[in-house]
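What follows is a single structure, written as structure tokens, with notes after it.
The values are calculated or read from the model by the stated rules, or taken from the named source; none is laboratory data. These figures come from a predicted structure and were not determined experimentally. Please note: Cβ atoms are built from the backbone with ideal geometry, for glycine as well, and neighbour counts cover all protein chains shown. In case anyone asks, the SASA skips ligands and DNA or RNA and just uses the protein heavy atoms, side chains included. Shrake-Rupley method; radii C 1.70, N 1.55, O 1.52, S 1.80 Å.
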Amino acid sequence: IYSIDAWFALRFRSAREYLDPIRECYEAYVIYNFFAYLMAYLEEELGDVEAHLARKPPMKHLPPFKWIMQSWPMGHPFLLQCKQGIMNYVILRPITTFIGLMTDIFGLYGQGRVDFSKSYVYLTATTNFSQLYALYCLGQMYWAVHKELAPIRPLSKFICIKSVVFLTFWQGTILAVLVSSGVIADNSWSSYDQLGVATGIQDF
């Protein structure tokens, strides 16, 4: 679905601003489904997941979260924090996508440009933090029960999801910086403008 959407955005440039939101919302949907997949397996194998987690020693946060957050008590509080962290992105991603689409209609989005008078910079920063925290919570959840999850070998799936969601997001951010700094410029040999070149690379 992700690759098909990207191909359509390359093929139909005029429809890109309507196709990209579909792909962005799909990223959140993938993260939610992966978490639901892990929980379904754990509930099938362990029964009461919260009770099982409560018997485990507390997990320390990794930097930079350990400097601003206390360790989560295992059991219900730990599972709740992981769920909330993951769901924050699942809910926030469609919202920021919608805001981006609305501000783009009124010429206030500034996609791919580091312009603090436009919404792109603020939405990107918000999405980035939300995404980082969701992936961190997903990683915490995995590490807490990685032995129990070993039969389904979820690590490769987690790395795949992290690559699709996290690396493609940062790829788009880096391309935006390259456009803003003039590294990516208009070319006489292409029908794409400066921003179109960056967006085309991202879709490719």
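Worth pointing out:
- Evaluation of Glu44 against (1) under 23 Å from Ile159 (Cα atoms); (2) assigned to a helix (DSSP H, G or I); (3) of a type outside the set (Ser, Thr, Tyr); (4) open to solvent by 60 Å² or more (accessible area, probe 1.4 Å) (one fails), failing number: (1)
- Meets criteria (out of contact with any Lys or Arg (no Cβ under 8 Å at 6 or more places or on another chain), open to solvent by less than 40 Å² (accessible area, probe 1.4 Å) and not acidic (Asp, Glu)) for Arg11: no
- Residue match in the range 21-38 (condition: more than 22 Å from Ile174 (Cα to Cα) and not in a helix (DSSP H, G or I)): no
- Of all the listed residues (Met141, Met87), the sole one being in a helix (DSSP H, G or I) and either free of Cβ contacts under 8 Å to residues at least 60 places away in the same chain or open to solvent by 30 Å² or more (accessible area, probe 1.4 Å) (or both) is Met87.
- The single condition from (1) outside any helix (DSSP H, G or I); (2) more than 22 Å from Thr126 (Cβ to Cβ); (3) open to solvent by 60 Å² or more (accessible area, probe 1.4 Å); (4) not aliphatic (A, V, I, L, M) that Lys56 fails is (3).
- For Ile105: the one exception among (1) over 28 Å from Glu44 (Cβ atoms); (2) surrounded by 13 or more Cβ atoms within 10 Å (Cβ to Cβ): (2)
- The numbered conditions (1) out of contact with any Phe, Trp or Tyr (no Cβ under 6 Å at 6 or more places or on another chain); (2) farther than 20 Å from Ser181 by Cα; (3) buried (at least 16 other Cβ atoms within 10 Å of the Cβ) are all true for Gly100 except (1).
- Considering only residues in the range 108-129 that are within 16 Å of the chain's Cα centre (by Cα) and open to solvent by 70 Å² or more (accessible area, probe 1.4 Å), the one that is modelled with the lowest pLDDT turns out to be Phe129.
- Listed by first and then second residue, the pairs with beta-carbon distance under 9 Å, at least 6 apart or on different chains, first residue in the range 44-72 and within 16 Å of His146 (Cβ to Cβ), second small (Gly, Ala, Ser) and part of a helix (DSSP H, G or I), are Leu53/Ala144; Lys56/Ala144; Met59/Ala144; Leu62/Gly139.
- Selection from the range 92-125 of residues that are of a type in the set (Phe, Trp, Tyr) and not in a helix (DSSP H, G or I): Phe106, Tyr109, Phe116
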